1. Step by step: first the residues of the range 1-39, then only those that are outside any strand (DSSP E or B) and within 30 Å of Glu69 (Cα to Cα), then the one that is modelled with the lowest pLDDT. Which residue is that?
2. Among what's in the range 213-232 and is touching a residue at least 24 places away in the same chain (Cβ under 8 Å) and surrounded by 15 or more Cβ atoms within 10 Å (Cβ to Cβ), pick the residue that is farthest from the chain's Cα centre (by Cα).
3. With respect to Leu93, determine if the residue is among the hydrophobic types (A, V, I, L, M, F, W, C), under 16 Å from Leu170 (Cβ atoms) and exposed (fewer than 13 other Cβ atoms within 10 Å of the Cβ).
4. Taking the range 290-306, which residues are under 26 Å from Arg359 (Cα atoms) and not aliphatic (A, V, I, L, M)?
5. For residues that are hydroxyl-bearing (Ser, Thr, Tyr) and either assigned by TED's automatic domain parsing to the domain that holds Thr134 or at pLDDT below 85 (or both), tally how many sit in the range 185-213.
6. Residues in the range 344-351: is at least one buried (at least 18 other Cβ atoms within 10 Å of the Cβ), touching a Pro at 6+ places or on another chain (Cβ under 6 Å) and touching a residue at least 12 places away in the same chain (Cβ under 8 Å)?
7. Quick check, is Thr134 loosely packed, with under 12 Cβ neighbours inside 10 Å and either at pLDDT 95 or above or under 24 Å from Ala361 (Cα atoms) (or both)?
8. Go through (1) among the acidic types (Asp, Glu); (2) without any contact (Cβ under 8 Å) to a residue 60 or more places away in the chain; (3) in a helix (DSSP H, G or I) and name the single condition Asp107 misses.
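The values are calculated or read from the model by the stated rules, or taken from the named source; none is laboratory data. Just so it is clear, the structure is predicted and the values come from calculations on it, not from any experiment. We place every Cβ from the backbone using ideal geometry, glycine too, and count neighbours over all the protein chains shown.
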Amino acid sequence: MKVWKKQSVVWMIGSKRASKEACGASPRTLYSSKWYGTLTTFEGKKRQTPLTTDRDTSLTLLKTLQRTEDERRARGFTRAEEQREKPIAEHLLAFEAYLRSKNNTDDHISKTINRIRKLLQEAKVASIADLDATQIQNILAVWRRRKVAPLGIASTNHYLTAAKGFSRFLWTDRRTPEDLLRSIRKLNAQTDRRRIRRALAADEVSKITTSTGVSGKTYRGENWSLSPENRVLLYSIALYTGLRSIEIASLRHDSFHLESRTLTVEASNTKNRKKAILPVHPDLCRLLFPVVKQGSNVLIFPGPLVAQRLAGKVFQRDLKRAGIEARDDQGRVLDFHSLRYTFITNLAKAGVHPGKAQRLARHSDINLTMSVYTQLEIEDLREAVESL
């Protein structure tokens, strides 16, 4: 077996580094401080391995490492067994890198990793060997039953989705011989909905836009402000396009094309990571015309609309100012995302074909468009029956 030091060539002028083309520059060979050797792993792969700064010690270490790999190969040692010995934190870091490679949003990655980490800590999982489906299922059940701040089924389903994604990654990356959490199934969240949003009625839309427009109240922060006119535009964009708050926060002046009455949301800012080109309602165009500066890439709404949940906070204040209850007698709530609910519900009320509504909502599943977001009131349903 051989050991060697890595070599690199640099160009020098005297004692200073220089470019190869520099006048008077001469090459100098630099050697690594450590010795290296080639290790044949138990899988038969060649791998350069850093050793020590002493040649004889490095040669002895390389022989020891190779003997270990040979013994592993002789007894049929697998990659899954090797991975079982690593701390679970290393696997979680690898999973996070995997999520980033798929171009997921920072917000999605952060929520997913935090949920997995909280579950693993609660289950005292130190390595893959400690990951047990029954234990994870029991922890989620305890979280739903606890007296202080119990979680709803929808919330524990979010935790389970994150954990199952992690478990599947471990399996597909050959870190485990099987998907360890495959047997766990999500519960029906419809039987225990803790937070049910509703759409705004037509008169409520009129109330909040009118009240906000004449409120005279401007909210300010460092390098940003939301005037009454700004907030009316903010709510109108959500009502007429169904954009999410994070998507609205990304809009710039050149996102709007008023001549063709379209707007563009770049793929990096959409939930499904696909570029969205959406039609703009004529009423929204009239609001945008005096505001939008063509060719400018400045944000329409500079400020922490999403990071500090600013959009939701000012919306609640404007609801109160308009005399609209944030929670109705059925326990349904209004929040900023309700504006998106309102957009899709209004499409259904207007008789828009479900397929078109799904495309405008940019949902992967039409059932989500129709059953979750479309909240038709009893009068709308009565009209449907009477039309028979």
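1. Taking the candidates together, the pick is Met1.
2. Ranking the candidates gives Ser215 first.
3. yes
4. Listed by number, the list holds a single entry, Phe301.
5. 1
6. Within the range 344-351, not a single residue is buried (at least 18 other Cβ atoms within 10 Å of the Cβ), touching a Pro at 6+ places or on another chain (Cβ under 6 Å) and touching a residue at least 12 places away in the same chain (Cβ under 8 Å).
7. yes
8. So Asp107 meets the others, but not (2).
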